[in-house]
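Q: Could you have a look at this structure, given as structure tokens, before my questions?
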Amino acid sequence: MARGRKRYAYADTAQQIVGGFVLAGPFVVTEEVWLLASRMHWYHAAVTVLMVAVIGYGALYKTDDGRDPDREAEVVGVPVRFVSLMVVSFGSVLVLSLALTAPTTFAGQLELGAGMGVIAPLTAKAVSVGAIFSVVGAATADSLL
């Protein structure tokens with residue numbers, strides 16, 4: 001770890017949460033995101049999840065020369081800071097979606113039905129889209145604050 005650089009702490013997760021929620025909010029309540037999600041296949045969602053991971057990793061470790069993933073605490077070989085970032089990025093979108101009843105609202109608006117067989121996959125796909133933006137806010141807050 002570079003001299004003078006702080007180690008990962010729970011405060012870093014708190015910063016990620018603030019940034020993740022700030023940028024997730026607008027995408028949770030946007031009909032276009034839910035329309036896109038309704039037309040996505042599982043492989044589209046997989047690509048967006050991969051994009052979130054690549055953006056997050058790049059924002060944490062490639063834009064900040066003082067951070068070295070090899071010198072951070074790990075969980076199963078993955079830096080704890082990165083794990084936290086992924087949980088926050090997807091979790092903030094999911095929590096906001098459920099708190100604002102977005103899945104049932106948009107499933108109804110898009111006339112997809114209201115059963116869990118439709119809502120769960122729709123929500124997962126919409127969360128993967130929203131997380132693309134949430135990860136930017138979460139990683140930025142972690143790096144700046």
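The values are calculated or read from the model by the stated rules, or taken from the named source; none is laboratory data. Treat the numbers as computed from the prediction; the structure is a model and nothing was measured. We place every Cβ from the backbone using ideal geometry, glycine too, and count neighbours over all the protein chains shown.
Q: Output the residues belonging to segment 24-36 that are under 13 Å from Ser97 (Cα atoms) and either within 13 Å of the chain's Cα centre (by Cα) or not charged (D, E, K, R) (or both).
A: Once the filter is applied, which keeps residues that are under 13 Å from Ser97 (Cα atoms) and either within 13 Å of the chain's Cα centre (by Cα) or not charged (D, E, K, R) (or both), segment 24-36 yields Ala24, Gly25, Pro26, Phe27, Val28, Val29, Thr30, Val33, Trp34.
Q: With in contact (Cβ under 8 Å) with a residue 40 or more places away in the chain and either surrounded by 21 or more Cβ atoms within 10 Å (Cβ to Cβ) or closer than 23 Å to Val28 by Cα (or both) as the only criterion, which of Gly117, Gly130, Gly108 stands out?
A: After applying the criteria, what remains is Gly130.
Q: What number of residues within segment 21-44 satisfy the criterion of being surrounded by fewer than 15 Cβ atoms within 10 Å (Cβ to Cβ), touching a Pro at 6+ places or on another chain (Cβ under 9 Å) and closer than 15 Å to Val93 by Cβ?
A: Residues that pass the stated criteria total 0.
Q: Just checking, which of Val18, Val78 is surrounded by 11 or more Cβ atoms within 10 Å (Cβ to Cβ), more than 16 Å from Val93 (Cα to Cα), of a type outside the set (Asp, Glu) and at pLDDT 90 or above?
A: Answer to the selection: Val78.
Q: Can you name the condition, by its number, that Thr13 falls short on among (1) among the hydroxyl-bearing types (Ser, Thr, Tyr); (2) farther than 30 Å from Ala73 by Cα; (3) touching a residue at least 60 places away in the same chain (Cβ under 8 Å)?
A: The failed condition is (2).
Q: From the list Ser128, Ser84, Ser143, which residue is within 21 Å of Gly20 (Cβ to Cβ), at pLDDT below 90, out of contact with any Pro (no Cβ under 9 Å at 6 or more places or on another chain) and assigned to a helix (DSSP H, G or I)?
A: After ruling out the rest, the residue left standing is Ser143.
Q: Confirm whether Thr140 is closer than 18 Å to Ala9 by Cα, buried (at least 17 other Cβ atoms within 10 Å of the Cβ) and not charged (D, E, K, R).
A: Numbers: closer than 18 Å to Ala9 by Cα: yes; buried (at least 17 other Cβ atoms within 10 Å of the Cβ): yes; not charged (D, E, K, R): yes.
Yes.
Q: If you don't mind, there's one more thing I want to ask. For residues in segment 45-67 being part of a helix (DSSP H, G or I) and of a type in the set (Val, Ile, Thr), which is surrounded by the most Cβ atoms within 10 Å (Cβ to Cβ)?
A: Residue satisfying both the conditions and the ranking: Val52.
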